[in-house]
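FYI, it's all coordinate maths here, none of it is from the lab. In this text the structure is predicted, and so the values were computed from the model without any measurement. We place every Cβ from the backbone using ideal geometry, glycine too, and count neighbours over all the protein chains shown.
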Amino acid sequence: MSYRRGKKKEYPSSRYVKDIKSADVWSVFKIIADFVQGFDELGDLGPSVTIFGSARIDENHPYYMQAMELSNMLGERGYNVITGGGPGVMEAANRGAFAHENVESIGLNIELPSEQQPNPYITKGRSFDYFFSRKVMLVKYSMAYVIFPGGFGTLDEMFEALTLIQTRKVWGVRLFVIGTEFYAPLIEFIRTKILAEGMIDEGDMDLITLSDDLNFVITEIEKSLKAQMKDLEKEGLDNTKYYQALSSYVTDHCGIDGGSSI
């Protein structure tokens, strides 16, 4: 806290401290608003892929160019792209999708003390006060998650996504990790420590697909779409807006009826 002309000046971070630590029940309504608006705006999206990665690289970085190429390939096939809405890999992914008028380039930004600004390649977006509500929206309406190299935030999102898939809180969803050289030591740690100590099962290693082959990733994402629709049908969710949006995409892009005929 600092003082200027006899008045206390609050830094932006103090607002979050108050929200979390003050036990102010009114904060609950802001949390609910995050979810309600997110569900309302994203519930009728067609097939979408969420791309995670570092905010700290520029457009000349190989990971930036690779993320933009992947999202461009997704956009060509009619897939929406969802990101955290910031710079770096997120900007690259939105940028690749932005070139395609028939898809949404979605940015779900987070309000931070450092004032992260949304990138300029977003067609549909909103800002969140809380990381946890934002993360729900980043994963809820995607049939695949793509993890590019990144820092603490990217790793947090990667392991949360893995936990959701492992515990079957999401169905038919695939997780792809791009950056084999970057992530190889982490995968080795998971295998030689976490798996070796019996803290995960051997089959859990299959939840991670590590590859730099973008064509392979695209092919597997399309398989993920079909698997997810079948799982939704089994759970009796084929009357939801989300299923109908996926079914419409399959009919328009695959030349077949949606539903169990996939």
task: Run the numbers on region 31-84 and let me know its relative contact order in percent, using alpha-carbon pairs under 8 Å that are six or more apart.
output: 47
- prompt: Could you state the number of Å between the C-alpha centres of region 163-183 and region 70-113?
  reply: 19
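State whether region 25-176 is rounded, prolate or oblate according to the following rule on the C-alpha gyration tensor (a ≥ b ≥ c being the square roots of its eigenvalues): a/c under 1.5 gives rounded; otherwise a/b larger than b/c gives prolate, and the remaining case gives oblate.
rounded
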- prompt: Can you work out ³J(HN,Hα) from phi for every residue in region 225-233, in order, using Karplus 6.51 cos²θ - 1.76 cosθ + 1.60 and θ = phi - 60°, giving whole Hz and x for Gly and Pro?
  reply: 4, 5, 5, 5, 5, 4, 5, 4, 4
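Tell me, what are the semi-axes, in whole angstrom and largest first, of the equivalent ellipsoid of region 121-262 as set by the roots of 5 times the Cα gyration tensor eigenvalues?
Whole-Å semi-axes of the equivalent ellipsoid: 28, 19, 16.
Please go through region 145-206 and write out the GluC sites (Glu not before Pro) that DSSP classes as loop and that have at most 10 other C-beta atoms within 10 Å. Write down the numbers at each step before the final one.
Working: sites: Glu157, Glu160, Glu181, Glu188, Glu197, Glu202; in loops: Glu197.
Those satisfying the criteria are Glu197.
Which pairs break 18 Å Cα to Cα here: Lys140/Lys193; Lys30/Lys135; Lys169/Lys193; Lys135/Lys226; Lys124/Lys226; Lys169/Lys234?
Working: Lys140/Lys193 30 Å; Lys30/Lys135 15 Å; Lys169/Lys193 25 Å; Lys135/Lys226 24 Å; Lys124/Lys226 25 Å; Lys169/Lys234 15 Å.
In this structure, Lys140/Lys193; Lys169/Lys193; Lys135/Lys226; Lys124/Lys226 lie more than 18 Å apart at Cα.
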- line: Residues whose modelled amide H sits under 5 Å from the amide H of Ile110, counting only those 5 or more places away in sequence or on another chain, are Phe128
